[in-house]
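Have a look at the structure below before the remarks.
The values are calculated or read from the model by the stated rules, or taken from the named source; none is laboratory data. Predicted model, so just to flag it, every value in this text is computed and none were measured. Note: ideal-geometry Cβ built from the backbone for every residue, glycine included; neighbour counts use all protein chains shown.
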Amino acid sequence: MSLRPRSNGLARAVLRFRPAAFAGTFVALFLAVAIVSACGILLETGARASTPPTRYAGAPVVVAVDQQARLQMGSGDGAYEVSAPLPDRARVDAALLERLAPLGRAVPDVLFPVRDPAGRTLDASGWGSTAFSPTELRAGRAPAGPGEVVLGGADGPDRVTLDTPAGPREFRVVGRADRPGAWFADPEARSLSGHPDALDAIVLFGADAERARAAVDGRAQVLTGDARALDGRLAGAQEVLTGLGGSFGGIATLVAVFTAAGTVALSVGQRSREFALLRAVGATPRQIRRTVATEALLVAPVAGALGCVPGIALASWWFGQLKAKGAVPPDVDLVVSWIPLVTAVGLALVTALIAGWAASRRPARIRPGLALASAAVERLRPGWIRTPLGLAALAGGTACATLAATSSGPDAANAALGVVMLFMLAVALLGPLVARVCAALFGLPLRAGGAPAGLAAANSRTHARRLASAITPIVLAMAFSSTLVFLHTSEDRAVRQQQEAGLLADHVITDPHGGTDRTAVDRAVAAGAVALTRTSVLTVVGSGGDRAFHTASAQGVTGDLAKVQDLGVRSGDLSRLAPGTVAIDRTLAEATHTGTGDRIPLRLPDGTPVTPEIVAVYTRGLGLGEVTLPASDLAGRTTAGRPTELLFRGPAPEGLGPVLSAAAWTSEQSVDRQLNAWANTTMAAVLGGFAAVAAANTLVMTVLDRRRELHMLRLIGSTRRQVLRMLYWEALLVSGTGIALGSAIALATLTPLTKAMTGSAPYVPPLVYGSFVAAAVALTLAATALPARRALSSPSGV
């Protein structure tokens with residue numbers, strides 16, 4: 001009969017009689033699966049997101065223009081396409097009506113806003129749209145000619161003045177509909193929309209979709225089924241969801257893998273004495289490795305299956321918040337399938353197997369006669385695999401930081417993103433070396449702090465691997481939380497500073513209308529006010545093979561802009577601004593590699609491509625608008641078709657709309673950045689919270705593993721207070737090292753990022769940073785003190 005232990009039975013016995021040994025591994029894998037599965041669910045939801053057709057639910061075939069801007073890059077095998085959702089509605093050429101008419105009944109559709117005398121905004125369209133978007137008449141008849149309108153809602157006067165994109169008009173109310181809105185005769189609706197030669201869509205009845213595609217000949221899309229939704233918000237929602245689930249999910253996955261792998265390795269390393277004893281009684285290296293693998297197979301699937309539950313809950317909460325904040329259309333549903341769940345569990349299992357295999361290599365290879373002696377002391381020499389990889393990651397992070405510091409625009413941002421990941425990888429791989437250096441450096445002042453502090457410094461130098469396991473999660477939490485939160489604070493401060501310095505107007509009227517008297521707005525502009533049409537345009541940024549569309553904030557100007565805004569012109573002259581020209585912000589000029597006198601390719605809000613000449617480059621675009629162009633160039637390119645703001649020097653006239661002071665306007669603009677702020681804060685909370693729990697888990701595992709050591713100190717005469725003080729000093733050393741390294745990584749990442757985005761250094765609010773530091777210190781002290789007190793109160797384990 002063989003005396004060698006059976007690895008499978010040994011693994012089950014350890015789990016049965018020493019479950020506490022695997023509690024830390026279970027918690028780490030459980031949290032890793034939760035965060036990875038949540039990000040995977042959001043990613044899949046973004047990839048599969050769709051909205052049912054609402055307006056066109058009763059339309060068999062819809063002819064419309066692609067609501068995405070697309071651009072082919074490269075050639076041959078290296079060709080690729082970049083795309084982005086258009087800021088406004090892209091419209092189909094009205095001339096297609098004649099080509100489609102022979103195929104069946106072709107109904108032109110336009111949808112535009114009008115304002116009634118009470119200042120309410122109504123959706124207006126042609127009466128022909130009732131063929132596919134049912135509307136019933138409660139009274140009267142349908143509009144049949146110019147000057148006639150059907151209004152929804154309660155009864156009212158027979159004549160009404162409506163402010164339309166084409167200007168104010170008086171209409172005779174010929175009917176009342178059963179739902180809110182305004183309906184005109186189809187020809188008049190087209191003229192009132194502000195773009196009479198373009199239609200939102202053409203609806204076909206009794207026509208074959210394939211024949212319709214042949215008739216449009218690539219000038220438009222022929223849509224059926226769910227594609228008829230034509231919801232411009234869907235593309236933006238998909239971008240948000242895939243960004244969270246993909247980009248952030250990738251970072252979160254790496255953090256989760258790093259942390260879980262470190263915890264598994266720590267758990268295996270803490271049982272080196274047990275493995276040494278097994279080797280001494282005849283266990284083979286293969287049996288040791290099989291034991292570790294069996295433990296992973298027993299723990300990881302259970303932890304993964306349970307971790308999927310909070311993962312689904314986190315994804316549901318996150319998705320619900322995005323819906324509530326308007327980032328996701330109400331009709332989009334969360335998609336929960338087996339794919340992200342199984343992937344997350346499989347990733348946890350693979351992580352546990354690889355980390356356990358790597359940690360068990362040394363105890364499995366050592367000769368039985370030397371096993372117990374080798375397990376008694378920690379190995380001091382660096383690993384021949386981890387160290388070269390860690391040095392390579394350190395060199396790569398340094399190179400990326402240098403590149404980011406010397407680049408601008410998207411190139412700097414892309415390089416900066418690699419900084420944090422490479423430096424974190426370097427810390428994870430070089431953990432023992434980093435811990436030994438930090439213990440020697442921060443341990444110097446501890447030696448003068450009495451016996452407990454000196455013993456803490458000696459322990460930290462001798463057990464560098466144990467120290468590294470505790471430091472790495474603290475570095476993760478500090479680096480990622482600081483980067484995400486202080487990126488927003490830096491941007492927010494730069495925006496506010498630019499707005500305060502650049503806005504010369506004393507008052508701002510938002511949503512100017514003057515009731516239905518459009519001439520009142522024109523008279524205000526003639527008297528010296530400046531009308532702005534705020535919107536967005538698209539341009540291509542980046543260089544080489546890393547080019548993409550960028551959505552830039554834009555302002556269309558009517559009047560003398562220099563009276564109400566100081567854009568901080570760096571080159572050129574804003575007085576040269578005329579149709580066919582544009583002024584752009586410095587960061588956009590750097591991102592597009594253009595300057596004064598060059599032409600910049602732009603896509604107007606409705607997707608129309610233009611190449612205006614740059615007449616000025618300024619520095620306050622982040623707060624006031626990245627692109628400034630004449631309002632006449634936006635005519636017919638926005639759905640509203642009217643100015644969005646009126647800026648005044650001196651008192652503002654009454655009756656033109658809500659009046660804000662310059663300070664109140666600046667404060668109101670921060671609302672538009674709340675979604676980004678919330679997203680950054682939420683991501684920081686998710687990653688930071690995960691890393692913080694992982695850090696506490698690691699510290700608890702480390703302290704509980706030292707029960708023999710702590711009881712030995714008590715046996716040789718140390719008081720309980722002295723032992724606890726030693727552990728407190730060690731906790732402060734761990735938190736101080738983690739805070740210093742995490743802050744350095746965050747600063748190396750933030751500096752080029754904020755330089756590219758704002759042109760200035762990062763802004764770190766002292767109170768926010770102080771709260772991060774206090775949280776890290778409190779966490780390490782609590783995660784050390786609680787298990788230490790319990791260990792010291794238990795019977796001696798010597």
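Annotation note: of 570, 534, the sole residue that is among the charged types (D, E, K, R), more than 28 Å from residue 640 (Cβ to Cβ), at pLDDT 90 or above and part of a strand (DSSP E or B) is 570. Of everything in segment 209-223 that is under 35 Å from the mean Cα position of the chain (by Cα) and at pLDDT 85 or above, the residue that is surrounded by the most Cβ atoms within 10 Å (Cβ to Cβ) is 220.
A quick yes/no check of all residues on (1) among the aliphatic types (A, V, I, L, M); (2) more than 20 Å from residue 641 (Cβ to Cβ); (3) in contact with a His (Cβ under 7 Å, 6 or more places away or on another chain):
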| position | (1), (2), (3) |
| --- | --- |
| 51 | no, yes, no |
| 54 | no, yes, no |
| 61 | yes, yes, no |
| 65 | yes, no, no |
| 85 | no, yes, no |
| 104 | no, yes, no |
| 113 | no, no, no |
| 122 | yes, no, no |
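Within segment 25-82, being farther than 27 Å from residue 320 by Cα, under 27 Å from the mean Cα position of the chain (by Cα) and of a type outside the set (Gly, Ala, Ser) holds for 66, 70, 71, 72, 73, 80, 81, 82.
Within segment 163-185, residues that are over 20 Å from residue 511 (Cα atoms) and of a type in the set (Phe, Trp, Tyr) reach partners that are assigned to a loop (DSSP other than H, G, I, E, B) and at pLDDT below 90 with beta carbons closer than 8 Å, at six or more positions or on different chains, in the pairs 183/135. In the set 296, 348, 300, 327, only one residue is farther than 27 Å from residue 258 by Cβ and of a type in the set (A, V, I, L, M); that residue is 327.
Residues that are small (Gly, Ala, Ser) and either part of a helix (DSSP H, G or I) or under 19 Å from the mean Cα position of the chain (by Cα) (or both) within segment 746-772 comprise 746, 748, 756, 770, 771, listed in sequence order. Across segment 616-663, the number of residues qualifying as of a type in the set (A, V, I, L, M), in a loop (DSSP other than H, G, I, E, B) and surrounded by fewer than 21 Cβ atoms within 10 Å (Cβ to Cβ) comes to 2. Restricting segment 520-538 to residues that are hydroxyl-bearing (Ser, Thr, Tyr) and crowded, with 21+ Cβ neighbours inside 10 Å leaves a set whose member that is nearest to the chain's Cα centre (by Cα) is 535. Scan segment 756-769 for residues that are over 13 Å from residue 486 (Cβ atoms) and either at pLDDT 90 or above or buried (at least 22 other Cβ atoms within 10 Å of the Cβ) (or both) and jot them down. Matches in segment 756-769: 756 only.
Sub-8 Å Cβ pairs linking a first residue in segment 255-268 that is modelled with pLDDT under 70 to a second residue that is of a type in the set (Lys, Arg), at least 6 apart or interchain, are 266/466, ordered by first then second residue.
Residue 106 meets each of the listed conditions (1) crowded, with 21+ Cβ neighbours inside 10 Å; (2) without any contact (Cβ under 8 Å) to a residue 60 or more places away in the chain apart from (2). Out of 157, 102, 180, 87, one residue alone is in contact with a Gly (Cβ under 8 Å, 6 or more places away or on another chain) and over 24 Å from residue 522 (Cβ atoms). It is 180. Which pairs have Cβ atoms under 9 Å, sit 6 or more apart or on different chains, and link a residue in segment 23-42 that is modelled with pLDDT of 85 or more to one that is not in a helix (DSSP H, G or I)? Listed by first residue and then by second, the contacts come to 41/334; 41/335; 41/336; 41/337; 42/334.
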